[in-house]
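Written below as structure tokens is the structure these notes are about.
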Amino acid sequence: MKVNCTNCNATFNELEPKCPYCGSLNYKGADLEYHETLDELLGDLNELPEQQVDNYKESIVSSTKKTGKYLFISIIITTIVLIVVYAVFSKLNNRYDTDDVLDWRLENYVIVNQLYEDKKYDELVEFNNNITEKEYDQGFNLFDWEYYDFLSCYRGNIYSEEIIEYAGIEELSTDDLIILVEYHLEYLMYIEKNEEHTSELKLIETYLNQSKEYLMNKENLSDESIQEIYELAVDVEYDHISALSIDVYLSKRGE
């Protein structure tokens, strides 16, 4: 689906992380790019234990019975693992200036907290979308805000409604279907993590039911299929949904 740049009004693919003409941030595309990058990095982390075991086994076969040599090999392996983990998380954190980020949060979290309490959710989305590319790159974002999960779901419903409306004009693309499923899983994860009954939870449950109706009736995704995708793609511990896993599942469904 095409979108118009909020800065220069140029038309480009909604999945682009930034406007190809003026470079302004396209939050929807940037969000997708962020999750895909995070998915790849988490995949690297998940492979670390297996690599460590394989390396250790190889060292046992090739080493002598000297305890000192085993100890030395173990230290080397542990050091390598720690270096890789540190490198991965350093990349994720981008080594932001923590003082500047803290100052930004102290100033802006007061604003978004008030908008949330006043239930001015559209203004919350607008605030989030107005974060510039430069601010985004410096770590000035709402990812660690207390109610970011709700904001993401609310924003996701806006995007989902746009995609569904567009699907009534042209055939739904694979990328758009992946986004719809991703937001549906996000609603499920939000409900799972928030047991306390609130007006916000009721709102997300409404989004979930609307999304479920579309996916089942228009895309022929059963409850069982959605549950299978949830188990494959959702990592609650890391608060992460793998768009790649969704893509793989949907591709196999078409075979």
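The values are calculated or read from the model by the stated rules, or taken from the named source; none is laboratory data. Worth saying up front: this structure is predicted, and the values here are computed from it rather than measured. FYI the Cβ positions are ideal-geometry reconstructions off the backbone, even for glycines, and counts take in every protein chain you see.
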Of the conditions (1) modelled with pLDDT under 90; (2) touching a Gly at 6+ places or on another chain (Cβ under 8 Å), the single one that Glu237 does not satisfy is (2)
Scan (1) surrounded by 14 or more Cβ atoms within 10 Å (Cβ to Cβ); (2) small (Gly, Ala, Ser); (3) over 19 Å from the mean Cα position of the chain (by Cα) for the single condition Gly156 breaks and write down its number. (3)
Only one of Leu115, Leu32, Leu45 is modelled with pLDDT under 65, in a helix (DSSP H, G or I) and surrounded by 12 or more Cβ atoms within 10 Å (Cβ to Cβ), namely Leu45
Among the residues that make up the stretch 178-198, is at least one of them buried (at least 18 other Cβ atoms within 10 Å of the Cβ), at positive phi and either in contact (Cβ under 8 Å) with a residue 40 or more places away in the chain or in a helix (DSSP H, G or I) (or both)? no
